[in-house]
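Comments concern the structure below.
What follows is calculated from the coordinates using simple rules that are stated; it is not laboratory data. All values derive from a computational prediction rather than experimental measurement. Neighbour counts are summed over all protein chains in view; Cβ atoms, including those assigned to glycine, are modelled from backbone coordinates with ideal geometry.
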Amino acid sequence: MTALLFFLEPERVCIAMDTCSLSIEDDGEHLPGPFCSKMLLLPHLQIVVCGTGIRSLIYYWSAFLQQNAVARDVTELDNIARAKLPELADECGVTESLTSTIYHFGYWPAEKRMRGFAYRSANGFETEQLKNPGFGIKPPDGIDLEQALNTCTEKGLPAGFVEVMKRQKAFDDARPPKEQVGIGGEVQFLVMTAEGYSLSTCYRFDDYDRHSEAVRAMTVPP
């Protein structure tokens, strides 16, 4: 579940994510799920939390941070994340085959710069510090990183992110249905600096209505 693109720089972070989700049946069949936001702002911690994979983990994690985390910024969340995420992942049904990754992007007042961290279930949610400056794409399958970087540089943001995500979606849509991660819905774009946030919906994919109607057909009684 999810396309994620980001530019992490000392003075800001720019992120784009889609809003598509899939429901995976016991037999492995992928069914359309409801649209959802995968970037959750926590201004009191000066961070944004992003999630890929099993979608419930990001919501459990965000709720835990809202209600229980005693921290002031993104760096002080590190020990908490490594200790608590494995427990929440078990509750959310994260497994070796159904994985999830949590990303933290936030401002670090001590050095007056942005920082980024990734916590991957495949690595036991160990701390992974993201390069700064750095450019990230998930999933990277079928995408040439240098070409994607050139696209974002030439077209600017968010237009460059949208163009790259279109390529991600085209590659994913061409896979067998049970291998698709699911990319679609709309593209949400975030710019975060020390001074604040700007969050917008900047693009809608052509199959938005078809996906929405399929979800309604499965959830609304006839």
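Here are the numbers:
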read-out: Percentage relative contact order, the chain, counting C-alpha pairs under 8 Å, at least six apart; value: 26 percent
read-out: Loop sites in the stretch 119-222: trypsin sites (Lys or Arg not before Pro), DSSP, at most 10 other Cβ within 10 Å; value: Lys131
read-out: Alpha-carbon centroids, the stretch 73-118 and the stretch 147-222: separation in whole Å; value: 23 Å
read-out: Listed residues Leu8, Thr219, Tyr60: farthest to the positive end of the dipole of the chain (Cβ charges); value: Leu8
read-out: Mean residue ellipticity (222 nm) of the chain, computed from DSSP H runs ≥ 4 via -39,500 (n - 2.57), nearest 500; value: -9500 deg cm²/dmol
read-out: Hz values of 3J(HN,Hα) by residue in the stretch 52-64 - Karplus curve (6.51, -1.76, 1.60), Gly and Pro given as x; value: 10, x, 4, 5, 5, 5, 5, 6, 4, 5, 4, 5, 4
read-out: Where a label projected 7 Å from the Cα of Leu98 along Cα→Cβ would reach, residues of the stretch 53-78 with amide N under 15 Å; value: 53-60
read-out: Cα-based reach from Lys169 at 30 Å (exclusive), listing lysines while leaving out same-chain residues under 8 positions away; value: Lys38, Lys131, Lys138, Lys155, Lys178
read-out: Separation in nanometres of the label points that stand 7 Å from Cα toward Cβ, at Phe35 and Ala174; value: 2.7 nm
read-out: Cα gyration tensor category, rounded, prolate or oblate, for the chain with a/c compared to 1.5; value: oblate
read-out: With at most 13 neighbouring Cβ atoms within 10 Å, loop GluC sites (Glu not before Pro) (DSSP) excluded, longest segment of the chain; value: 127-194
